[in-house]
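The values are calculated or read from the model by the stated rules, or taken from the named source; none is laboratory data. Please read these numbers as outputs of a predicted model, since none were measured by experiment. All Cβ positions, even for glycine, are placed from backbone atoms using ideal geometry, and neighbour counts span all protein chains on display.
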Amino acid sequence: MKHIVIIGNGIAGVTAARHLRKLGDDKITIISAETKYFFSRTALMYIYMGHMTLQDTQPYENWFWEKNRIDLIQDKVESVDYSEKKLLLASKTEVSYDSLILATGAKPNMFGWKGQDLDGAQGLYSYQNLQYIEERSHLIKRAVIVGGGLIGIELAEMFLSRNIKVTFLVREKSFWNKILPNEESAMINRHIFEHHIDLRLGAELEEIIGDDSGKVKAIKIKDGEVLDCEFVGLTAGVSPNIDFLKDSDLNLGRGIKIDQTFKTNMPDVYAIGDCAEFEVPLEGRLPIEQVWYTGKMHGETVAHVIQGEEKTYKPGTWFNSAKFLDIEYQTYGMVLGQLFDGQETFYWEAPNGKISVRINFSKETMAVEGFNFMGLRARHEVCVPWIENKITLKEVIENFGAANFDPEFYKKYEAVIVQQYNEEYPNDRVELKTKKGLFSNYIQKFKRFSLTERSS
Amino acid sequence: MPDLNKVDPSIDLTSAHEHQDFSVLSKVAVAIMVIGFLILSIAVFGPGAKYPKLFLFSSFGAIAFGSLAYTFLTYFLSPSGVKNNHITTSALTAHGWLAWIMAVGLTGFYVIHYWWSHLFENWYRMMDPLSFYVRGKQTEDWIFYGVLYTFGVLIMGIRAIVKYRHSRYQIIRTCMVIFSQFFLAWLIPSLLVYFKEPEAYVNYFWPLSFKDGFPLHFQSLLQEPSIMAKFLIFWSLGLTFIGTPILTYYFGKRWYCSWVCGCGGLANTVGDPFRQNSSKKLISWKIERWMINSVLIFIVVSTGYIWYVAATAGTLKINPADHYLTKSYGFLIGMVFSGVVGTGFYPILGTRVWCRFGCPQAAILGFIQRFFSRFRITTNGGQCISCGNCSKYCEMGIDVRSYAERGANIVRASCVGCGMCATVCPRGVLNLENGPREGRINKPVSLSDIINFEEDK
């Protein structure tokens, strides 16, 4: 019986542990300094806003771990001895391992801003970060958030829930514009203003100014403006949490270097989740993947690898989702701020400016390559096969109802989308063939089936 | 190629004006509501009977005005969306002192109403003007309660509509809940009395309204000369034996539990602030299955027994078994379970304690839903982030997240289809759907299974 030790009880580490238990009878230990029990990091904002308690964000009841014989240690790992295969913890106890999974997650980026270490300047990644913000909240009249990404807008929403004024510094000309195309990005700009957030586009942090006691009292923007504030949220992305692994023979880049089976250069040492960096990234994907479901897939795959199976990491077509205040966002296939070469785009936006659909497609073959949905839910099980089977834009528009995953009674936009398509492509007119609903989904499955039949 | 410069960074900066603080106005609104409750409390000590109209209108008026003003200030002034801020920190919604005061108050109200209803005499007299107007006679015990109930569903229903106005499902469903309570459970029964017809709450039937299945009920309706009485027999039997299986096959138990039923209606309106307090523990689910099915078996067996006794005696007329069972069931189930515990403990145990642990109607509907229905909650591929909002706001205590994160559809007997899991989900993962039964129950074991949609899966 091997002893498999996992450092980090985030989604990647916990998924690895669960699958290892399903696959075998080894001794499994998870070590985390953050919290004893696994909770959903993505729900930190909801704890602060009072939607859920920490306990509500824990997907498993406390008895789960003992029942599944997964030992939990709440401690900090100080160092790893790869030759002796043992860990030294902050409590000075030693834990030896046969296999080690590093799932240490990430930490907020600090770009060497002046004053970034002042009391009241903080990122948001861990439960400790949240506690830090919670303890100070009653003192905050204005918070400044630096970095226009997903965590930044969550932090802004959190402060709004406490009636704290928010100034939001975004370096790009428009919110999250590297990822969101102009129209979607502009939609979110408008929505941020609608929530009375003082959004500053194209604004960069110059320095954070402290008072005599070392607390944040103001910030200075690059154009010289000084804004009084009691808190600065530093949310310009995250980077792998690997400081304690430095100065060893473990191969590190920005993250822990791994091959396609999550093996590091050290024997029986693996790395997964936010801290891992693929030596050779999969085609069309980033070397460091820091989203929830990739963490899950890393964990699942590494469990099979450790059990000696030849399982490779197959994340499939890229997808992601987020929520910007009240506007939900879903994306399938790689859609970025700029089109890829040879791509064209079809974009429809509802008159209220809060709902939109974008379909990117190949100019040459008309095959769809990516979707962006704002304020409209789409069916994963339909959108991804449409991309993978290279279905044409025309066919997608005709059958758009099959992709609609909005709740019952919601206003349906299929007809106006068809209408807009017909206006843009008058020579290639279509009619709506598939309406919303589960039946449509089955029809689509059947169609894909017959399509594969035809092609094979 | 999209033009990056097309987005003008200066767009509409004027709209970024300061957020208005309405906390003072909100406090005034709450104060008006509290004054309304105070007037209502004073009324019961005598003045209500003396000045019925004054006390009736001022108390109900102040409560309605105060709570609607508070609703407007809290939910309507910001853009529509999920508005669950401070629920886990408020003294009312998170088991704080206000929750306990309310639970004790509500429970006390039920206990007095059941056992010492004469103490509420002055309230009944206060209600007389309204009662004469709609029913044509003076207020009896439960008429006062019925008005309170309907009033609560109406006011808190409007609150639910405003709060959840980003969801058309919730808007339409809540309208139906209000309609059902106001017309089917209040106005129609009142008018039946007014026109000297047999009183009937037409949104209840056997087994929830257990007496509707007992011989005595048929006997008394058959004695009535009116067409209406015959129609009521037809209506009640039709809902039990035809409506229930057919509608549940197509839509799941929600057609009744969260659209028509008055108990469910109260839970989804008056109880909405407390829906998150239902227990999500696995042990609760085990207890739930034992209890609810035991109640159902008890009802079915006792109903069968009474009919057996009636058949052997050769008459539908009252027999000791009918009398005894009606009494004991009415006391244990009707009063203690669905009233005192079910509603009185809203702030502590959550809103659907009765529906989840005791309602025989829910048991039958749930059985059909689980095994013979086209209804399911679909989960959307791999988009779940396990945040837990769906489980937290499930009033039936279903751990929705445990299904969603595995990509497994939710097909559970207890789900009343309120749709709140889909409403609060931040990633569009959940959807209530009726569709072909094939593939309704799916059990993916890993994320790879979920997101690699191979045909040969």
Only one residue in B:I246, B:I299 is modelled with pLDDT of 95 or more and more than 18 Å from the chain's Cα centre (by Cα), so which one is that? B:I246
Within segment A:89-115, restricting attention to residues that are surrounded by 13 or more Cβ atoms within 10 Å (Cβ to Cβ) and polar (S, T, N, Q), which residue is farthest from A:E206 (Cα to Cα)? A:S99
Which is surrounded by fewer than 17 Cβ atoms within 10 Å (Cβ to Cβ), among the small types (G, A, S) and either at pLDDT 95 or above or farther than 18 Å from A:P59 by Cβ (or both), of B:G439, B:G428? B:G439
Among the residues in segment B:361-379, are any without any contact (Cβ under 8 Å) to a residue 40 or more places away in the chain, under 30 Å from B:G428 (Cα atoms) and assigned to a helix (DSSP H, G or I)? yes
Out of the residues in segment A:397-411 that are under 13 Å from A:R379 (Cα atoms) and more than 7 Å from every other protein chain (Cβ to nearest Cβ), state the one that is farthest from the chain's Cα centre (by Cα). A:N399
Name every residue in segment A:295-324 that is closer than 14 Å to A:L23 by Cβ and touching a helix residue (DSSP H, G or I) at 6+ places or on another chain (Cβ under 9 Å), in order of residue number. A:G299, A:E300, A:T301, A:V302, A:A303, A:H304, A:I306, A:Q307, A:E309, A:E310, A:K311
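Just for segment A:365-396: of the residues that are in contact with a strand residue (DSSP E or B) (Cβ under 8 Å, 6 or more places away or on another chain) and assigned to a loop (DSSP other than H, G, I, E, B), which one is nearest to the other protein chains (Cβ to nearest Cβ)? Step through it out loud before you land on a result.
Here is the first cut: in segment A:365-396, the ones in contact with a strand residue (DSSP E or B) (Cβ under 8 Å, 6 or more places away or on another chain) are A:365-380, A:383-384, A:386-387, A:390-393, A:396.
Restricting the remaining residues to those that are assigned to a loop (DSSP other than H, G, I, E, B) gives A:365-366, A:375-377, A:379, A:390-391.
Numbers: A:T365: 19, A:M366: 18, A:G375: 10, A:L376: 8, A:R377: 3, A:R379: 6, A:K390: 15, A:I391: 13 Å.
Ranking the qualifying residues of segment A:365-396, first place goes to A:R377.
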What are the residues in segment A:264-302 that are in contact (Cβ under 8 Å) with a residue 24 or more places away in the chain, surrounded by fewer than 21 Cβ atoms within 10 Å (Cβ to Cβ) and among the polar types (S, T, N, Q), if any? A:Q290
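Kindly indicate the residue of segment B:424-446 that is in a strand (DSSP E or B) and at the interface with chain A (Cβ under 8 Å from one of its Cβ atoms) and also nearest to A:M297 (Cα to Cα) among those meeting that condition. Quick ask: steps written out before the conclusion?
Pass one, segment B:424-446, residues in a strand (DSSP E or B): B:430-434.
Keeping just the survivors that are at the interface with chain A (Cβ under 8 Å from one of its Cβ atoms) gives B:431-434.
Values: B:N431: 24, B:L432: 27, B:E433: 28, B:N434: 31 Å.
It comes out as B:N431.
Look at B:T351 and say whether it is buried (at least 19 other Cβ atoms within 10 Å of the Cβ), farther than 30 Å from B:S90 by Cβ and touching an Asp or Glu at 6+ places or on another chain (Cβ under 7 Å). Break it down into steps so the answer makes sense when it comes.
Numbers: buried (at least 19 other Cβ atoms within 10 Å of the Cβ): yes; farther than 30 Å from B:S90 by Cβ: no; touching an Asp or Glu at 6+ places or on another chain (Cβ under 7 Å): yes.
No; evaluated as a whole, the condition is false for this residue.
Could you say whether any residue in segment A:124-136 is within 14 Å of chain B (Cβ to nearest Cβ), under 15 Å from A:G237 (Cβ atoms), crowded, with 21+ Cβ neighbours inside 10 Å and not polar (S, T, N, Q)?
Of all residues in segment A:124-136, those within 14 Å of chain B (Cβ to nearest Cβ) come to A:130, A:134.
Going one step further and asking which of them are under 15 Å from A:G237 (Cβ atoms), we end up with none.
The answer is no; no qualifying residue exists.
Kindly indicate which of A:T104, A:T167, A:T53 is within 14 Å of chain B (Cβ to nearest Cβ), of a type outside the set (D, E, K, R) and part of a loop (DSSP other than H, G, I, E, B). Talk me through it step by step, then tell me what you get.
On the way: A:T104 fails: within 14 Å of chain B (Cβ to nearest Cβ); A:T167 fails: part of a loop (DSSP other than H, G, I, E, B).
Going through A:T104, A:T167, A:T53 in turn, the sole match is A:T53.
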Hits in segment A:170-208 (condition: on the phi < 0 side of the Ramachandran plot, more than 8 Å from chain B (Cβ to nearest Cβ) and in a loop (DSSP other than H, G, I, E, B)): A:R171, A:E172, A:F175, A:K178, A:I179, A:L180, A:A203, A:E204
Where B:G81 falls short, out of the listed (1) surrounded by 15 or more Cβ atoms within 10 Å (Cβ to Cβ); (2) at negative phi: (2)
Just one of (1) part of a loop (DSSP other than H, G, I, E, B); (2) more than 16 Å from B:V30 (Cβ to Cβ) trips up B:A91, so point out which. (2)
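A quick yes/no check of all residues on (1) within 30 Å of B:F76 (Cβ to Cβ); (2) under 20 Å from the mean Cα position of the chain (by Cα); (3) buried (at least 21 other Cβ atoms within 10 Å of the Cβ); (4) not assigned by TED's automatic domain parsing to the domain that holds A:K323:
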| residue | (1), (2), (3), (4) |
| --- | --- |
| A:G152 | yes, yes, yes, yes |
| A:L180 | yes, yes, yes, yes |
| A:L199 | yes, no, yes, yes |
| A:G202 | no, no, no, yes |
| A:L227 | no, no, no, yes |
Since B:S294 meets every condition but one in (1) surrounded by 15 or more Cβ atoms within 10 Å (Cβ to Cβ); (2) not in a strand (DSSP E or B), which condition does it not meet? (1)
With respect to A:S362, is the statement that it is away from chain B (no Cβ under 13 Å), closer than 26 Å to A:K390 by Cβ and surrounded by 20 or more Cβ atoms within 10 Å (Cβ to Cβ) true? no
What's the number of the only condition in (1) over 29 Å from B:Y346 (Cα atoms); (2) out of contact with any Pro (no Cβ under 9 Å at 6 or more places or on another chain); (3) of a type in the set (S, T, Y) that B:Y393 fails to meet? (1)
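Residue-wise test of (1) among the basic types (K, R); (2) under 28 Å from A:V14 (Cα atoms); (3) in contact with a Lys or Arg (Cβ under 8 Å, 6 or more places away or on another chain).
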site	(1), (2), (3)
B:G407	no, yes, no
B:C415	no, no, yes
B:C418	no, no, yes
B:C421	no, yes, no
B:P426	no, yes, yes
B:L432	no, no, yes
B:P436	no, no, yes
B:G439	no, no, no
B:N442	no, yes, no
Quick one: how many residues across segment A:1-31 are closer than 16 Å to A:E66 by Cβ and under 22 Å from the mean Cα position of the chain (by Cα)? 4
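With respect to B:Y124, is the statement that it is away from chain A (no Cβ under 14 Å), surrounded by fewer than 20 Cβ atoms within 10 Å (Cβ to Cβ) and not β-branched (V, I, T) true?
Working: away from chain A (no Cβ under 14 Å): yes; surrounded by fewer than 20 Cβ atoms within 10 Å (Cβ to Cβ): no; not β-branched (V, I, T): yes.
When the stated conditions are applied, B:Y124 does not pass them.
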Residue in segment B:399-436 that is nearest to A:L150 (Cα to Cα), counting only those that are within 19 Å of the chain's Cα centre (by Cα) and among the polar types (S, T, N, Q): B:T423
The lone condition A:T312 fails out of (1) under 19 Å from B:I450 (Cα atoms); (2) in contact with a His (Cβ under 9 Å, 6 or more places away or on another chain); (3) outside the structural domain of A:D98 (by TED's automatic domain parsing) is (2)
Okay, strands (runs of 3 or more DSSP E) sitting entirely in segment A:303-357 with 3 or more residues that are surrounded by 20 or more Cβ atoms within 10 Å (Cβ to Cβ), within 10 Å of chain B (Cβ to nearest Cβ) and within 20 Å of the chain's Cα centre (by Cα), I get A:319-324, A:327-332
Among the residues of segment B:326-339, is any aromatic (F, W, Y), surrounded by 15 or more Cβ atoms within 10 Å (Cβ to Cβ), modelled with pLDDT of 85 or more and at negative phi? no
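Identify, please: which residue in segment B:273-291 is in a loop (DSSP other than H, G, I, E, B) and among the charged types (D, E, K, R) and is, among those, nearest to B:W186 (Cα to Cα)?
Of all residues in segment B:273-291, those in a loop (DSSP other than H, G, I, E, B) come to B:278-281.
Filter once more, keeping what is among the charged types (D, E, K, R): B:280-281.
Values: B:K280: 34, B:K281: 37 Å.
My answer is B:K280.
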